[in-house]
Amino acid sequence: MSRRTPWWIELLVHAALLTAVAFALYPVLWVVTLALSPSGTPSPRALPWPEAFSLDNFRAVTLQHDAAGRWLFGRQLFNSVFVAVATAVTSVALATPAAYAMARMRFVGDRAGMRVLLATQMFPGVATAVPLYVILDGLRLLDTRAGLVLVYATTALPFAMFQLRGAFEAIPRELEEAAMVDGATRWQAFFKVVLPAARPAIAVTCLFAFMSAWNEFILAATFLSHEDAFTLPVALQRYVGEHDAAWGRFAAGAMVVSVPVMAVFYAVQRHLVGGLTAGSVKG
Amino acid sequence: MAAVTLRGIRKTLGPNLILRGIDLSLTKGEFAVLVGPSGCGKSTLLRTVAGLEEPDSGTIVLGDRDVTRSPPRDRDIAMVFQSYALYPHLTVRDNLAFGLKLRGVDPKEIASRVSEVARMLTIEALLDRFPREMSGGQRQRVAMGRAVVRRPQLFLFDEPLSNLDAALRAQVRVEIKRLHASLGATMLYVTHDQVEAMTLADRLVVLRAGSVEQEGPPLEVYQRPASRFVAGFLGSPAMNFFNGSIDATGRFAEAPGLRVSVDPARFATLPPGRPVLIGVRPHDVIPDPDGAIDLHVEVVEPMGFEAYAHGTVGGVAFVARLDGDAALPRPGERLPLRVHASSVHLFDPTTERSLDPGRS
């Protein structure tokens, strides 16, 4: 027996939800407004609506060239994409076999290992900034994409392992056993049965690693000092300096940086939902 | 030549001794059912034959090859799992073809074998579906198809019907029997369901706590159980038991409220006064005004074609099967019953082994 909710309760619920949406979107709208305003300065008005439309800020950001006349934005965009993709690939490639071992095999330190890995997640990343700087310096990896990938992949690894271990544990052991009876070696069972079954979880884990690297600012700002080597978040920050604050360009840049992430999110959202429920619901 | 020979299989899991030295041998084309209560080791034994568990000691010979240390893929066996274990990312067609592809069978040959098996199991319409798009019964058929298509020398079934509802279970049971007849393959089947065990088996193997308690053709095991355990496990409702003794004449066994003849062909050597455990199946008693089993009826369950009268005999719980169309007793009434001597089972009260010399 179901009763219809009274209209005034629905009204209240919707009012509350709309308030929450406005609260979440208001700053975003301001960024959009700033990016589209030719003046590029925050106005004291309450309504986020540009006084005049212009794409000058976007043009200035995306077409930025350095003193030597090379396309600086393109280089920084490449840095960001390279670092984020390499981080996702490296951390997931390492986490997948490790998580599988932790989910399926018993070995000395299997539980303690996972606990230690998770404990490392409690420290803020910045805490390691100075030692990491020294290490990267020693390895001559400052101002390189490889250095950033190394740091990001290491940081993303524990969470990726944690997430994937849950996914592998949710896959019934009989699937592998069936494959092995059917004629597969343990490796074939892993590659042909377990990995495909874990695909949604792997996609989600990749996305998390990609985003963490794509958005990371503090470590990148610490390790990178040449404009050539900047990732986009670091490049963006340079628009708002001590003497000069180009808010319009900053906002335009912020939009340019977030759009790819939103696109990726949109593309894999089907997997995302599957991956998030994969651990909790038995198929 | 034996298709499967197990010798002295022992297996411990952690601190528990699961299998205590199992000897078993199946001839080619035989359908053997391993049956027993949960925890008796039947699934572990099956998994050991499959190669998914390694025995601590003992040997497994399939055909003429010792496969004790071989990985599952080298044993030429197929297994149907309780959970079906269909590959979720593959269509039915690819699920069936999986094992053949791994073995490098020619694609044309694969296609023809897949469609042949699909026809045999009437799953042709499902070939392009994914496991998640099918009902439990359909998945079960696909799981069987995946085993059949490989044409293995031994089929293993691990409680394949326990996730199906009762009606479907009865239907698939018949189908498995038909499959066995048409393939003529050797099959080893694990179940805790005595109906499956009785109906499917050429040979019934009753396991208890990691040992073979009794094995033989199902009817023989049912009619001449070797121990109280087997007698109580097979048959529903379960056998009624009484602590009693052989009377002074040596021709009857007695307990309070009950006096039954002893079959001289089976129990000739029992001395007067010997304590015995008397077993009588509910289906073996007949109402008879002169009967020497004095049942105090407490509850009557009419089932239509038959009825069960629950009550006590001499203070001990007793169930009797009655014909459904006969005049049924009422609760509180006394119902005298008799039993034919050949249906009386006698066990040693301490060892609980049958006192039938041909059995114990």
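All of B:A238, B:A327, B:A265 fail the test of being under 29 Å from B:Q194 (Cα atoms), modelled with pLDDT under 90 and outside any strand (DSSP E or B), apart from B:A265. Being over 27 Å from the mean Cα position of the chain (by Cα), buried (at least 16 other Cβ atoms within 10 Å of the Cβ) and either in contact (Cβ under 8 Å) with a residue 24 or more places away in the chain or within 18 Å of B:A253 (Cα to Cα) (or both) is the requirement here; does B:D294 meet it? Yes: the conditions hold for B:D294.
For (1) over 18 Å from A:P233 (Cβ atoms); (2) part of a helix (DSSP H, G or I); (3) in contact (Cβ under 8 Å) with a residue 24 or more places away in the chain, each residue gets a yes or a no:
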residue	(1), (2), (3)
A:A67	yes, no, no
A:F78	no, yes, no
A:A84	no, yes, yes
A:P97	yes, yes, no
A:A129	no, yes, yes
A:Y133	no, yes, yes
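Being aromatic (F, W, Y) and crowded, with 22+ Cβ neighbours inside 10 Å is the filter here; which residues of the range A:174-216 pass it? Residues satisfying the conditions are A:F210, A:W214. Mind checking which residues of the range B:76-85 are in a loop (DSSP other than H, G, I, E, B) and either surrounded by 23 or more Cβ atoms within 10 Å (Cβ to Cβ) or facing another protein chain (nearest Cβ under 7 Å) (or both)? Of everything in the range B:76-85, those that are in a loop (DSSP other than H, G, I, E, B) and either surrounded by 23 or more Cβ atoms within 10 Å (Cβ to Cβ) or facing another protein chain (nearest Cβ under 7 Å) (or both) turn out to be B:F81, B:S83, B:Y84, B:A85.
In the range A:189-202, the residues that are away from chain B (no Cβ under 11 Å) form Cβ pairs under 8 Å with partners that are modelled with pLDDT under 95 and not in a helix (DSSP H, G or I), at six or more places apart or across chains, as follows: A:A201/A:G279.
Yes/no matrix, rows are residues, columns are (1) over 17 Å from B:F252 (Cα atoms); (2) in contact (Cβ under 8 Å) with a residue 60 or more places away in the chain; (3) surrounded by 14 or more Cβ atoms within 10 Å (Cβ to Cβ):
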| residue | (1), (2), (3) |
| --- | --- |
| B:F318 | yes, yes, yes |
| B:D325 | yes, no, no |
| B:E333 | yes, no, yes |
| B:F347 | no, yes, yes |
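Of the residues screened, B:D165 is not one that is in the same structural domain as B:A97 (by TED's automatic domain parsing), surrounded by 19 or more Cβ atoms within 10 Å (Cβ to Cβ), among the charged types (D, E, K, R) and closer than 25 Å to B:V195 by Cα. Does B:A125 satisfy being over 30 Å from B:T59 (Cβ atoms) and either buried (at least 21 other Cβ atoms within 10 Å of the Cβ) or β-branched (V, I, T) (or both)? For B:A125, the condition - over 30 Å from B:T59 (Cβ atoms) and either buried (at least 21 other Cβ atoms within 10 Å of the Cβ) or β-branched (V, I, T) (or both) - is not met.
Number of residues in the range B:51-74 that are more than 8 Å from chain A (Cβ to nearest Cβ), of a type outside the set (A, V, I, L, M, F, W, C) and touching a helix residue (DSSP H, G or I) at 6+ places or on another chain (Cβ under 8 Å): the value is 3.
The set of residues in the range B:10-50 being within 14 Å of another protein chain (Cβ to nearest Cβ) and under 22 Å from A:A178 (Cα atoms) consists of B:L13, B:S43, B:T44, B:L46, B:R47, B:T48, B:V49, B:A50.
So that you can scan it fast, the table gives a plain yes or no per residue for (1) over 19 Å from B:Y189 (Cα atoms); (2) over 23 Å from the mean Cα position of the chain (by Cα); (3) among the hydroxyl-bearing types (S, T, Y):
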| residue | (1), (2), (3) |
| --- | --- |
| B:A3 | no, no, no |
| B:T27 | no, no, yes |
| B:V33 | no, no, no |
| B:V49 | no, no, no |
| B:I60 | no, no, no |
| B:R73 | yes, yes, no |
| B:V80 | no, no, no |
| B:L96 | yes, yes, no |
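Restricting attention to the range B:11-25, the residues that are surrounded by fewer than 22 Cβ atoms within 10 Å (Cβ to Cβ) and closer than 26 Å to B:T199 by Cβ add up to 3.
Listed conditions (1) surrounded by 16 or more Cβ atoms within 10 Å (Cβ to Cβ); (2) in contact (Cβ under 8 Å) with a residue 60 or more places away in the chain; (3) of a type outside the set (F, W, Y) are all met by A:A101, apart from (2).
Being more than 7 Å from chain B (Cβ to nearest Cβ) and either more than 17 Å from B:L46 (Cα to Cα) or β-branched (V, I, T) (or both) is the filter here, so list the residues in the range A:169-184 that pass it. Walk me through how you get there before you give the answer.
Initial filter on the range A:169-184 (more than 7 Å from chain B (Cβ to nearest Cβ)): A:169-171, A:173, A:176, A:179.
Passing the criteria: A:E169, A:A170, A:I171.
Of all the numbered requirements in (1) in a helix (DSSP H, G or I); (2) in contact (Cβ under 8 Å) with a residue 12 or more places away in the chain, A:G74 misses one, and that requirement is (2).
Take the residues of the range B:128-138 that are in a loop (DSSP other than H, G, I, E, B) and within 14 Å of chain A (Cβ to nearest Cβ): which is surrounded by the fewest Cβ atoms within 10 Å (Cβ to Cβ)?
B:F130
Filtering the range B:243-257 down to residues that are assigned to a strand (DSSP E or B) and in contact with a helix residue (DSSP H, G or I) (Cβ under 9 Å, 6 or more places away or on another chain), which residue is farthest from B:V280 (Cα to Cα)? Across the range B:243-257, the extreme among qualifying residues is B:I246.
The values are calculated or read from the model by the stated rules, or taken from the named source; none is laboratory data. Just so it is clear, the structure is predicted and the values come from calculations on it, not from any experiment. Note: ideal-geometry Cβ built from the backbone for every residue, glycine included; neighbour counts use all protein chains shown.
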